[in-house]
Amino acid sequence: MKTVYIVRKERFNAAHKLWRNDWSEEKNQEVFGKCSNKNWHGHNFNLFVTVKGAPSEETGFVIDLKRLSQIIKQEVIEHLDHKNLNLDVPFLEGLLPSTENLIIKIWDLLEMPIKKEGGILCKLRLEETENNFVEYFGDHVPY
C-alpha cells in the first residue's frame with residue numbers, strides 16, 4: 001500500500017508577549033526585543049497540518065479533509081483564535097507562549113483525534129509571520 005501525505009491549512013489570530021517575570025525589563029528587551037512589548041503584539045498565524053496514510057480503497061482518502069478541518073477547528077482554533085495566548089489559553093498556562101512551545105501543544109491536541117480517524121499526524125508547520133515559522137514532527141524522524 002502506498003503512503004500519501006495530505007495537508008490542511010487553517011488560520012487563527014492571537015496576541016501574546018514574550019516576557020519572563022524573573023528577568024528585568026532590560027533583560028526581557030535584550031532577549032525578546034519587540035516581542036516583549038508590555039502592551040502585547042499579535043500575529044495572523046497559518047497552521048499547516050500534515051497527515052499521512054494509505055488511501056482508503058473505499059473512498060480514496062487518507063482522511064476526509066472536511067473532517068480534518070473540523071478536528072483542527074474544534075481542538076485548536078476555537079481555543080486560540082482572537083485570544084491572548086498569555087492570559088486566555090489554559091493549556092498554555094505557565095508556559096512562555098513562543099511559537100516553538102505553541103506548536104508542541106498543538107501537536108498534543110491533534111495527534112489522538114487524527115489517529116481515531118485513521119490518519120497519522122506527521123508534521124505541523126506554524127507560520128507566525130511571512131518570514132518566520134516553525135515545524136514540528138513529534139517523535140517522527142522528518143527525513
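Things worth noting here:
- Longest exposed-site-free window of the chain, the sites being trypsin sites (Lys or Arg not before Pro) in a DSSP loop that have at most 15 other C-beta atoms within 10 Å: 39-143
- When shorter helices are ignored and each DSSP H run of at least 4 residues is given -39500 (n - 2.57), the per-residue value for the chain at 222 nm works out to -7500 deg cm²/dmol.
- Viscosity 1.002 mPa s, 20 °C: Kirkwood-radius Stokes-Einstein D of the chain over Cα pairs, µm²/s: 132 µm²/s
- 18 Å reach of a label modelled at Arg125, 7 Å along Cα-to-Cβ, counting backbone N of segment 5-27: 5-12
- 16 Å Cα-Cα reach of Lys38 towards lysines, excluding residues that sit fewer than 8 places from it in its own chain: Lys17, Lys27
Bear in mind these aren't lab numbers, they're just calculated from the coordinates by the rules spelled out. Because the structure is predicted, anything quoted here is derived from the model rather than measured. With ideal geometry, Cβ positions are generated from the backbone for all residues, glycine too; neighbour counts draw on all protein chains shown.
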